[in-house]
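Note sheet for the following structure.
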Amino acid sequence: MIRSSALDNDRRELKRGALVSTYEQQTIRFDRDIAELAPLYTGPRLAPNTGALTYQRVRSASPDIDENLGAEEKKKTPPR
């Protein structure tokens, strides 16, 4: 659900629906222009962060995202 408000009061619903899980671009069409959009998470409470995270670089599904890989890492990328 997407709601609109002026100064966080008088909220009214603009759109309701669901987006599918995909890497493809998705569009939400509104009946009028929206000046600013600030998404807020309203789902169940998330578990607290525990411990340090270790990030590992992996190739993405899109070659334009991988454009900042070093020359050696690019050579490892299989041709499409």
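Here, each number is a calculation from the coordinates, and none is a lab measurement. Keep in mind it's a predicted model, so treat the numbers as computed, not measured. Because the Cβ atoms are built from the backbone with ideal geometry, glycine has one as well, and the counts that use them run over all protein chains shown.
Summary table below
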{"item": "Residues that are within 30 Å of Ala61 (Cβ to Cβ), surrounded by fewer than 10 Cβ atoms within 10 Å (Cβ to Cβ) and hydrophobic (A, V, I, L, M, F, W, C), drawn from segment 2-36", "result": "Ala18, Leu19, Val20"}
{"item": "Checking Leu14 against (1) touching a Ser or Thr at 6+ places or on another chain (Cβ under 9 Å); (2) assigned to a loop (DSSP other than H, G, I, E, B); (3) among the aliphatic types (A, V, I, L, M), the condition it does not meet", "result": "(2)"}
{"item": "Residue within segment 25-48 that is on the phi > 0 side of the Ramachandran plot and of a type outside the set (Asp, Glu) present", "result": "no"}
